[in-house]
1. All other residues with a Cβ under 11 Å from the Cβ of B:Leu146 taken together, and with Lys, Arg as +1 and Asp, Glu as -1, what is their net charge?
2. Efficiency by 1/(1 + (r/R0)^6): what FRET value for B:Leu109 and C:Thr112, r their Cβ-Cβ distance, R0 = 56 Å, to the nearest 0.05?
3. Provide, as a two-decimal number, the C-alpha radius of gyration of the protein assembly as shown over 2.2 N^0.38 Å, N being how many residues it has.
4. For the range C:46-96, what value does the Rg/Rh ratio take when both radii are computed over Cα atoms and Rh is the Kirkwood radius, given to two decimals?
5. When the helices in the protein assembly as shown are scored as -39500 (n - 2.57) per DSSP H run of 4 or longer and the sum is shared across all residues, what 222 nm value do you end up with, to the nearest 500 deg cm²/dmol?
6. Rank these for me by crowding, A:Ile148, D:Ile171, going from fewest to most other beta carbons within 10 Å.
7. Averaged over D:169-180, how many beta carbons belonging to a partner chain fall within 10 Å of each residue's beta carbon?
8. May I ask you to sort D:Tyr227, D:Tyr238 by Cβ crowding, counting other Cβ atoms within 10 Å and putting the fewest first?
4 protein chains.
Amino acid sequence: MGSFRGHALPGTFFLVMGLWWSTKTILKYVCKKHKRTCYLSSKALFHRVEILEGVVVVGMALTGMAGEQFIPGGPYLTLYKEGQWNQLLGWHHFTMYFFFGLLGVANILCFTVSSLPVSLTKLMLSNGLFVEAFIFYNHTHGREMLDIFVHQLLFLVTFLTGLVAFLEFLIRNNVLLELLRSSLILLQGSWFWQIGFVLYPPGGGPAWDLMDHDNSMFLTICFCWHYALAYIIIGVNYAFVTWLVKSRLRRLCPSEVGLLKNVEREQESEEEM
Amino acid sequence: MGSFRGHALPGTFFLVMGLWWSTKTILKYVCKKHKRTCYLSSKALFHRVEILEGVVVVGMALTGMAGEQFIPGGPYLTLYKEGQWNQLLGWHHFTMYFFFGLLGVANILCFTVSSLPVSLTKLMLSNGLFVEAFIFYNHTHGREMLDIFVHQLLFLVTFLTGLVAFLEFLIRNNVLLELLRSSLILLQGSWFWQIGFVLYPPGGGPAWDLMDHDNSMFLTICFCWHYALAYIIIGVNYAFVTWLVKSRLRRLCPSEVGLLKNVEREQESEEEM
Amino acid sequence: MGSFRGHALPGTFFLVMGLWWSTKTILKYVCKKHKRTCYLSSKALFHRVEILEGVVVVGMALTGMAGEQFIPGGPYLTLYKEGQWNQLLGWHHFTMYFFFGLLGVANILCFTVSSLPVSLTKLMLSNGLFVEAFIFYNHTHGREMLDIFVHQLLFLVTFLTGLVAFLEFLIRNNVLLELLRSSLILLQGSWFWQIGFVLYPPGGGPAWDLMDHDNSMFLTICFCWHYALAYIIIGVNYAFVTWLVKSRLRRLCPSEVGLLKNVEREQESEEEM
Amino acid sequence: MGSFRGHALPGTFFLVMGLWWSTKTILKYVCKKHKRTCYLSSKALFHRVEILEGVVVVGMALTGMAGEQFIPGGPYLTLYKEGQWNQLLGWHHFTMYFFFGLLGVANILCFTVSSLPVSLTKLMLSNGLFVEAFIFYNHTHGREMLDIFVHQLLFLVTFLTGLVAFLEFLIRNNVLLELLRSSLILLQGSWFWQIGFVLYPPGGGPAWDLMDHDNSMFLTICFCWHYALAYIIIGVNYAFVTWLVKSRLRRLCPSEVGLLKNVEREQESEEEM
């Protein structure tokens, strides 16, 4: 970290996970709405996908941990050197990645060891996010105003995502909560990129004035626009997945649905009133 | 904004929405209590009303957005001009209106596209309110004490309304939660008017002393009185709607109720104990 | 206020209400546990008691409001006098009493008008407490350290009680939540007395040093001891009511219970595991 | 307190309780998963264990209270001496231990007096933790930066544990919530040891520089590592208990399970989707 790349890497990780989680949630939801019996929504497939997801998360975490330690000028696993702490900020990031690694491990374990409760993954996710929020909160001692401000916003979104993930842990199978979490993950990803552009302008552009309150005023609404963007991405994703399921899969797994769907829809519209 | 009108406009919007939402909630509740079979409480009607509501909200949001951009001296869609940010406060308000516009869009989509979950509207409402609270929190850098204080109160009420809307998203069909939200929306509306009167006294009255702590002490209880007023408005509304339903609609949709009502009331009084 | 009596009065009100609410809760719970059919636990009696409670609360609120306005040297309903606000602190207290008056009104209405949802009383209680907390939060501008500290603790307990009352509004019929709320109300009552003793020592005792941090350190644990006392009061109350119901009422409303009790107890112990 | 031992003692208490609670939770969960009929998971045994637990907690609390009062140089039950408060910090700790003593008493009462609701123990636990958090929050007036920081972290973990215990009070029988609480208790225990090492290095080692922000940066991640350790302890515990139940108890309480287990597992995997 401390560079454009150091912010672009986790940003990309979060964007990928946000996109993937929103797609998974929508796919599950739409499959459930339109028919119940197809292979794509089968438990066997989803179990394998969850295990794969865990492996990918562990891979990302290991990449991040290795990157923090072994970049040129990094701490190289040395915590204490010559009478003082060695590159603590790098160790901060290392710790964050480590807790997301735990999330990946939990994902793998939950779907291979059948006795473990599945909501453990949600708990580990909210845990990883709270740890990240905690570390970012104590991360910016002695920096300049705008630097602190953008990290405070990062803290805010991380903390909120942790809260939503914890709510998911308590209230299972609420599709909107899952999409809300995905949108906040997307926001976090794109905000990492934004921080990179603000603090380490790539291409040698002029740096932002870190003491100018107008900049923080702008970044306030910029943050909201990122959020609006996350919403739009998820909306487009929803429309796309719905279209895909309707057009493609109608051919593959037909019939037996018509009646069920109507019954279901009525039940729902009843509970809406 | 930055004028009396700029505060009166959103204030009026919120007052109208608060009145409308409280009326809708009470009407639904009273209809359900007194009979179940009338047209007024039919799903078809409520769906159409919800779509209309969405259109009205979008209209309000567009009015607000256009007003912020194209008033004389406004930013005219220019974000960056002559090496500095252009009228960021106007852009702040613009962003708030935009998120309420998203609420309207969600309202329209939810009741036209049947596969979307209806509680999405509650989520978008709480979202819009949280974004508004977030922006107001970062809105008052460098202003004077009383100016900051009235905006902090605005932040408080907006944040609380967002929380209540989020609770509604989780706990559906609780009539008191809906009325609580309506009362907080009314409070927000009348508080916008109060801010207008405090910061930009119309009719050329003498300005308030923005550094006097007695004024903030007074506004503290003034805020509570506004809230009491919102309660009284909702109480009167409740009495009026109940009377209307009882007197008018008894003629239109009679009978078949007597027995049901008694059964229902007993169930309720049982669960009260 | 601003005197020993001004703190002893609300303190006594809260102590009385706390005692009464805990007794009512325990009585309901024990009656339900031991037999279901007696007059004391009948709905008719409890409805009348609730209405009486409402009347008492309104009476207390009116006493407090009148006391704040018409004590010698009080504001006498004048809000603005000679170019400045008149006795705003008195108006603060007046507003707090007013919202508790609303609670009493809600109590009366809920148990006379059958169409109103009963949980409205919980909502109004939590509302009154939140308003009280809000006003206390903005109440102590420019005072000395210890004065601010004891009011902050008052804010804390009021806010927590409001939260618990709101939880009760969402989760009905949880006996421990109701007792928790009663214990916090008792704590608030005895803390009002403590504030009176600290800020206005009766009997002409020496005043406390308001700038000494040792005093605030002591009041921290003193606050906890008050809380422990509230617990002990409720425990004794529980033992007494249980004994009363068991010994007295066994004669009045006998039999028909034996079997039911066993069944019930088994169900409970099952759900405990 | 105010010494290495004064921090090691509560640290050990919390570590023991955390280990014991996690073991109990896992044992219950695994027994329930694998068979329902064995003596080890019987109600009678668990009741006795809970009472024993209460006695142990009371014993710990009494040890702590006596230790705080009667160490050489302690307050010896004198609160006010020679015109000033006597050793308030010792009284602070005394009060904390007292509230945990109440937890032990509640544990004993709940499982001997059958009419008391069992969730009272969770409420008293969350209560004791909130009181501890409250006292720690007001505990560090006038100390140095790092001293305040480590106590703030202690406040954080105590407050969070209290929140989780309160959630458990509301949502019963969620195994992951119970393990989360155990892990936070373990974290608190090991953090007490860490505080002892930081503020009172045993063995005459060099003291930490209490004004160096690098140290607080390090302790931030150190806190997270303690947490990761708590997770690993619980994971190992889970694996060990599962192995024990599977290997040992299969012989003792065999049969009658096969079918049930499969049914159960299917139900669960269904609800997971």
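Every read-out reported here was derived from the displayed coordinates using simple, explicitly stated rules and does not represent laboratory data. The structure presented is a predicted model; accordingly, all values stated were derived computationally and were not measured. Every residue, glycine among them, receives a Cβ derived from its backbone with ideal geometry; neighbour counts consider all protein chains shown.
1. My count for the surroundings of B:Leu146 gives -4.
2. E between B:Leu109 and C:Thr112, to the nearest 0.05, is 0.80.
3. Numbers: Rg = 30.6 Å, N = 1092, 2.2 N^0.38 = 31.4 Å.
Relative to the 2.2 N^0.38 Å estimate, the protein assembly as shown comes out at 0.98.
4. Numbers: Rg = 14.7 Å, Rh = 12.3 Å.
Taking Rh as the inverse mean 1/r over Cα pairs, Rg/Rh reads 1.20.
5. It comes out at -27000 deg cm²/dmol, rounded to the nearest 500.
6. D:Ile171, A:Ile148
7. 4
8. Sorted ascending by nearby Cβ count, the order is D:Tyr238, D:Tyr227.
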